[in-house]
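Just below is one structure, and these are the notes that go with it.
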Amino acid sequence: MTNRITISDASRHVGETVTIPGWLHNIRKSGKIVFPILRDGTGLMQCVAVKSALPEETFETLKHLTQESSIILTGRIREEARAAGGFELDVESLEVIQKVSEEDPYPITPKEHGTEFLMSKRHLWLRSQRQNAIIRVRHEIIKSVRDYFDNHGFTLVDTPIFTPAACEGTTTLFECDYFEDEKAYLTQSGQLYNEANAMAFGKVYCFGPTFRAEKSKTRRHLTEFWMVEPEMAYADLEEVKRVAEEMVCYVVGRVLEHKREELKVLERDVTKLEAVLQGPFIRMSYDEAVKNLQANGSEIQWGSDFGGGDETILTKQFDRPMLVDRFPTAIKAFYMAPDPAREEVALGVDVLAPEGYGEIIGGGQRIHDPELLLKRIHEHNLPPEAFDWYIDLRKYGTVPHGGFGMGIERAVAWICGLEHVRETIAFPRMIYTLRP
Ligand code: 4AD
Ligand code: MG
């Protein structure tokens, strides 16, 4: 038995005969030599099969293999500067697990396909080098986010998916039947439970899927997305901003450190990511942002939320992320603490990613006064009985506290430099996308 390896490990096996299980990515033929390109999920390996060096049957089988046929190749690894990964495999033997039928060939060929077609074949499209690179960067982002919180005294506490009430407005709730006559809603955010957990543990975070019935088709919205949410007892808005900035820098640094190859596949301009780490993030109040937008051609008036276009205008002006704070209280969630110096604005912050990407993080300081909280629940027409427990948190040892949520897909889109969030998750869910 020869040593079974992955393509990513090839550099450690130069000169050895090894076995690599994978799929036929592509094949180039030139008379008495064929060049199969093997794909194994960790990379691509150009292989060389010479007719005179192989049993006739092996050579013929290889020559007629079809794209994405599952095969196990055995051969010797050689350094080859001109090959994509820097190595080549001289084929010695071949085992075919399945030959893809010539009558029903693999539908994604090396030619260009439209996005709609590719989305309908998402289960296969994930095998492409580009999609593979994106998902690997996503993995690093998730891993580094978790490392950041784990290394800074946060305890991971999971929050429920079925919830009895809204967190982020009632218009985007997904409702489901929950036994007898009860309704449940898929969580929009773990925040409210995080607040209870922060009073029990000090600093916590949750990481999980969140759901919003977003009815518009945009390049930034999914109906199911993953969010990481830290929450801290005894933290004010400034502390929330500090942690958000430090975490984003840590994540970008880790991707630059560990995922250079993937960024290259994605043709990401890494100098844009390096610039993020060159100095403090831009800090701007909502008031200043509105003035800036008006001066740059936006129709926005004080009091309205930014449109996607506004975020693009703002973030194209700077090469580092922006922290925009103190939005009008009226357009923010019921739990946002008002600024004691100016009740009409809330102690909330959004982090906007540069290059036109826009909001990746939303958060801020929460109301910790029980009376004010109850008043807001009424003003927002929320059912007070569903929030009994939440008000309890303000009755039994209430403290100023805050946190934020970062949408993983938005962060992946920005860091990878993608047009649309649909490529940032293996199986995206959007208003018209439920399959595959
Ligand atoms: O700004 P949002 O709505 O804030 C919250 O949910 C807070 N409860 C978080 C907290 O303070 N713990 O959402 C937070 C982030 C956004 O900045 C965005 O990155 C992402 O979640 N997000 C979405 N991502 C993809 N598709 C959607 N439909 C999203 N909605 C929000
Ligand atoms: Mg937001």
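The values are calculated or read from the model by the stated rules, or taken from the named source; none is laboratory data. Keep in mind that what you see is a predicted model, and the values were worked out from it rather than measured. Here Cβ is always computed from backbone atoms with ideal geometry, including for glycine, and neighbour counts include all displayed protein chains. Remember, those area values only see protein heavy atoms, side chains included, never the ligands or the DNA or RNA. Shrake-Rupley method; radii C 1.70, N 1.55, O 1.52, S 1.80 Å.
Inside segment 150-178, can you point out the residues that are under 21 Å from the mean Cα position of the chain (by Cα), within 13 Å of ligand 1 (Cβ to nearest atom) and part of a helix (DSSP H, G or I)? The answer is 172, and nothing else. Residues in segment 173-218 that are open to solvent by less than 20 Å² (accessible area, probe 1.4 Å), within 15 Å of ligand 2 (Cβ to nearest atom) and of a type in the set (Val, Ile, Thr): 210 alone.
For beta carbons closer than 6 Å, sequence separation of 6+ or different chains, a first residue in segment 395-416 that is aromatic (Phe, Trp, Tyr) and a second that is modelled with pLDDT of 95 or more and buried (at least 24 other Cβ atoms within 10 Å of the Cβ), the qualifying pairs are 404/240; 404/244; 404/361; 404/363.
Rundown of residues vs (1) open to solvent by 10 Å² or more (accessible area, probe 1.4 Å); (2) over 19 Å from residue 188 (Cβ atoms); (3) away from ligand 1 (no atom under 11 Å from the Cβ); (4) not in a helix (DSSP H, G or I), yes/no style:
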site	(1), (2), (3), (4)
377	no, no, yes, no
390	no, no, yes, no
404	no, no, no, yes
412	no, yes, no, no
419	yes, yes, yes, yes
422	yes, yes, no, no
427	yes, yes, yes, yes
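Pull up segment 328-375, narrow it to residues that are among the β-branched types (Val, Ile, Thr) and not in a loop (DSSP other than H, G, I, E, B), then point me to the one that is nearest to the chain's Cα centre (by Cα). Checked segment 328-375; the qualifying residue nearest to the chain's Cα centre (by Cα) is 360. The set of residues in segment 29-79 being open to solvent by 40 Å² or more (accessible area, probe 1.4 Å) and either outside the structural domain of residue 90 (by TED's automatic domain parsing) or part of a strand (DSSP E or B) (or both) consists of 29, 30, 33, 37, 44, 46, 50, 76, 78, 79.
More than 10 Å from ligand 1 (Cβ to nearest atom), under 26 Å from residue 197 (Cβ atoms) and of a type in the set (Asp, Glu): does that describe residue 369? Here the answer is yes, as residue 369 does meet what is asked. When segment 316-348 is filtered for residues that are within 19 Å of residue 251 (Cα to Cα) and open to solvent by less than 10 Å² (accessible area, probe 1.4 Å), the ones remaining, listed by number, are 321, 322, 323. Any residue in segment 44-62 that is under 17 Å from residue 11 (Cβ atoms), polar (S, T, N, Q) and either free of Cβ contacts under 8 Å to residues at least 12 places away in the same chain or in contact with a Phe, Trp or Tyr (Cβ under 8 Å, 6 or more places away or on another chain) (or both)? Among the residues of segment 44-62, at least one is under 17 Å from residue 11 (Cβ atoms), polar (S, T, N, Q) and either free of Cβ contacts under 8 Å to residues at least 12 places away in the same chain or in contact with a Phe, Trp or Tyr (Cβ under 8 Å, 6 or more places away or on another chain) (or both), which makes the answer yes. Whenever a residue of segment 345-363 is more than 19 Å from residue 412 (Cα to Cα) and without any contact (Cβ under 8 Å) to a residue 40 or more places away in the chain, its partners that are open to solvent by 10 Å² or more (accessible area, probe 1.4 Å) and more than 10 Å from ligand 1 (Cβ to nearest atom), lying with C-beta atoms within less than 6 angstrom and at least six residues away or across chains, give the pairs 346/329; 346/338.
Screening 95, 88 for residues that are open to solvent by less than 50 Å² (accessible area, probe 1.4 Å), part of a strand (DSSP E or B) and more than 30 Å from residue 418 (Cα to Cα) leaves exactly one candidate, 88.
The residues on offer are 276, 248, 265, and the sole one that is away from ligand 1 (no atom under 14 Å from the Cβ), open to solvent by less than 10 Å² (accessible area, probe 1.4 Å) and either assigned by TED's automatic domain parsing to the domain that holds residue 311 or under 15 Å from residue 148 (Cβ atoms) (or both) is 276. Within segment 349-364, the set of residues being open to solvent by less than 30 Å² (accessible area, probe 1.4 Å) and away from ligand 2 (no atom under 15 Å from the Cβ) comprises 354, 356. Residue 345: touching a Lys or Arg at 6+ places or on another chain (Cβ under 6 Å), more than 11 Å from ligand 1 (Cβ to nearest atom) and not small (Gly, Ala, Ser), yes or no? Against the criterion (touching a Lys or Arg at 6+ places or on another chain (Cβ under 6 Å), more than 11 Å from ligand 1 (Cβ to nearest atom) and not small (Gly, Ala, Ser)), residue 345 qualifies. Within segment 390-411, being more than 16 Å from ligand 2 (Cβ to nearest atom), in contact with a helix residue (DSSP H, G or I) (Cβ under 7 Å, 6 or more places away or on another chain) and either within 15 Å of residue 334 (Cβ to Cβ) or among the charged types (D, E, K, R) (or both) holds for 390, 391, 393, 394, 395. Taking the listed residues 183, 217, the one that is modelled with pLDDT under 95, under 20 Å from the mean Cα position of the chain (by Cα) and charged (D, E, K, R) is 217, with no other qualifying. Flag: residue 346 does not match the condition of being in the same structural domain as residue 261 (by TED's automatic domain parsing), out of contact with any Gly (no Cβ under 7 Å at 6 or more places or on another chain), hydrophobic (A, V, I, L, M, F, W, C) and on the phi < 0 side of the Ramachandran plot.
Filter segment 220-230 down to residues that are within 16 Å of ligand 2 (Cβ to nearest atom) and either open to solvent by 30 Å² or more (accessible area, probe 1.4 Å) or part of a strand (DSSP E or B) (or both) and give me whichever is nearest to residue 403 (Cα to Cα). The qualifying residue nearest to residue 403 (Cα to Cα) is 230.
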